[in-house]
Amino acid sequence: MIRVDVELPNHAAYPVVIGALALDELRAHAPSQPFSIVDLPVYEAHGALLGACSSVVVVPSGEAAKDWETLELILSCMAHELLDRDSVALVLGGGSTLDVGGLAASLYLRGIRSVYCPTTLLAMVDASVGGKTAINLAEGKNLVGTFHQPSAVLADTRTLATLKDEQWRSGLGEVVKAALVEGEDLLSLVERSAAALAARDLAAVEPVIAECVRAKARVVASDERESGPRRALNLGHTFAHALEKVAGFGSIPHGVAVACGLALALQASERAGLLEDRSLRARVDRLLRTLRLPRSLGELRMSHGALAARELLDAMRHDKKARAGRPTFVLPRQAGALELAVVLDDATLLALLA
């Protein structure tokens, strides 16, 4: 078990349980009949893990769930079931389901408790920890959201066996990001484990999940509201969110876009004269190749179309981290050492995105 320490009113430290029987601990963290939010594929594959629930609301899978319609559906179901401030929302699914389900829990009656049960690799290593909730707008990704920490995270690795290959690789993109943010120890672990991770070896992935969660928990504990060090977790994401928006939300899996964003961030850091570890680009390139993730924007374009530079730049101006319409970037100096708010001029960005 890993503890995520947050020191805010009504947000106590909470456990993250990782393993093949994590959901067996559900009753310790939720009442006997919690209100459950689950996406359709997960409900079909793992609905039996929910046990007896007072109500289950089934939502679309992936980015399609992160809209006003789904949020309203969940909130209306909560009201219909007469949930009160002692109720617990059990959210079972991937990162998008956790985002919208967590947002609903944060808004209903100004906030009820939630327990997250991530079922994808990406959700286990990233989305389930830290309390970010969100839906998308047509103008950009995750523009509407709150900070609302869960009361527990139960990452049952049995659910990973049913992931599609693209979902698995998407999770690996966030693993690589976590390694670059955390530093050499985690990066070396991921490099040593890369072949096994690519082969979907669950024995190899469990310790990697645990180390990614520990790394994120340390960052969240120091900066819950993303006013300082937590901005490091946005490495690759300004590029990635633009790629997702231009391609159409849901077309490029988030972690796949992040992998391309990491390659672009390293390239940008080198152009800006910030990259101190001259071997880092080659190391990340080898790692992405082993994990079957895109190593460049050109490679991503081969599978997802033009992704025009001007459209990507415009999307970045709507990014939630932008200031006065100017996108900001997290750029690496070396593994574990990042510049957190770099502004690049349009000419440099268009050259990167050409």
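The values are calculated or read from the model by the stated rules, or taken from the named source; none is laboratory data. This structure is a prediction, so every number in the text was calculated from the model and none was measured. Neighbour counts are summed over all protein chains in view; Cβ atoms, including those assigned to glycine, are modelled from backbone coordinates with ideal geometry.
One residue alone among Leu92, Leu109, Leu103, Leu154 is under 17 Å from the mean Cα position of the chain (by Cα), in a helix (DSSP H, G or I), within 17 Å of Phe35 (Cα to Cα) and not assigned by TED's automatic domain parsing to the domain that holds Glu226, and that residue is Leu103.
Out of the range 246-263, which residues are in contact with a Gly (Cβ under 6 Å, 6 or more places away or on another chain) and either buried (at least 24 other Cβ atoms within 10 Å of the Cβ) or over 20 Å from Leu163 (Cβ atoms) (or both)? Correct list: Gly255, Val256, Val258, Ala259, Gly261, Leu262. For the range 217-232, the tally of residues that are more than 17 Å from Glu184 (Cβ to Cβ), of a type in the set (D, E, K, R) and assigned to a helix (DSSP H, G or I) stands at 2.
For the subset of the range 62-89 comprising residues that are part of a loop (DSSP other than H, G, I, E, B) and surrounded by fewer than 21 Cβ atoms within 10 Å (Cβ to Cβ), which member is modelled with the highest pLDDT?
Taking the candidates together, the pick is Asp67.
Among the residues examined, Ala48 does not qualify as at pLDDT 90 or above, small (Gly, Ala, Ser) and either in contact with a Gly (Cβ under 9 Å, 6 or more places away or on another chain) or loosely packed, with under 13 Cβ neighbours inside 10 Å (or both). Checking each residue in the range 136-154 for being closer than 15 Å to His241 by Cα and in contact with a Leu (Cβ under 6 Å, 6 or more places away or on another chain) picks out Leu137, Leu143.
Taking the listed residues Ala127, Ala161, Ala155, the one that is surrounded by fewer than 22 Cβ atoms within 10 Å (Cβ to Cβ), under 16 Å from Gly94 (Cβ atoms) and either modelled with pLDDT of 95 or more or among the small types (Gly, Ala, Ser) (or both) is Ala161, with no other qualifying. One residue is enough: does the range 201-212 have a residue meeting the conditions crowded, with 19+ Cβ neighbours inside 10 Å, at pLDDT below 95 and of a type in the set (D, E, K, R)? Scanning the range 201-212 turns up no residue that is crowded, with 19+ Cβ neighbours inside 10 Å, at pLDDT below 95 and of a type in the set (D, E, K, R). Scanning the range 17-38 for residues that are in a loop (DSSP other than H, G, I, E, B) and either more than 26 Å from Leu202 (Cα to Cα) or aromatic (Phe, Trp, Tyr) (or both) yields Ala30, Pro31, Ser32, Gln33, Pro34.
Which of the following residues is of a type in the set (Asp, Glu) and over 17 Å from Ala263 (Cα atoms): Asp319, Asp277? Result of the check over Asp319, Asp277: Asp319. Of all positions in the range 170-186, at least one carries a residue that is touching a Gly at 6+ places or on another chain (Cβ under 9 Å), among the small types (Gly, Ala, Ser) and on the phi > 0 side of the Ramachandran plot. Looking across the range 321-354, just one residue is closer than 20 Å to Glu226 by Cα and either hydroxyl-bearing (Ser, Thr, Tyr) or not assigned by TED's automatic domain parsing to the domain that holds Leu274 (or both), and that is Thr328.
Here Val57 does not fit the description of being among the β-branched types (Val, Ile, Thr), within 23 Å of Ala217 (Cα to Cα) and surrounded by 19 or more Cβ atoms within 10 Å (Cβ to Cβ).
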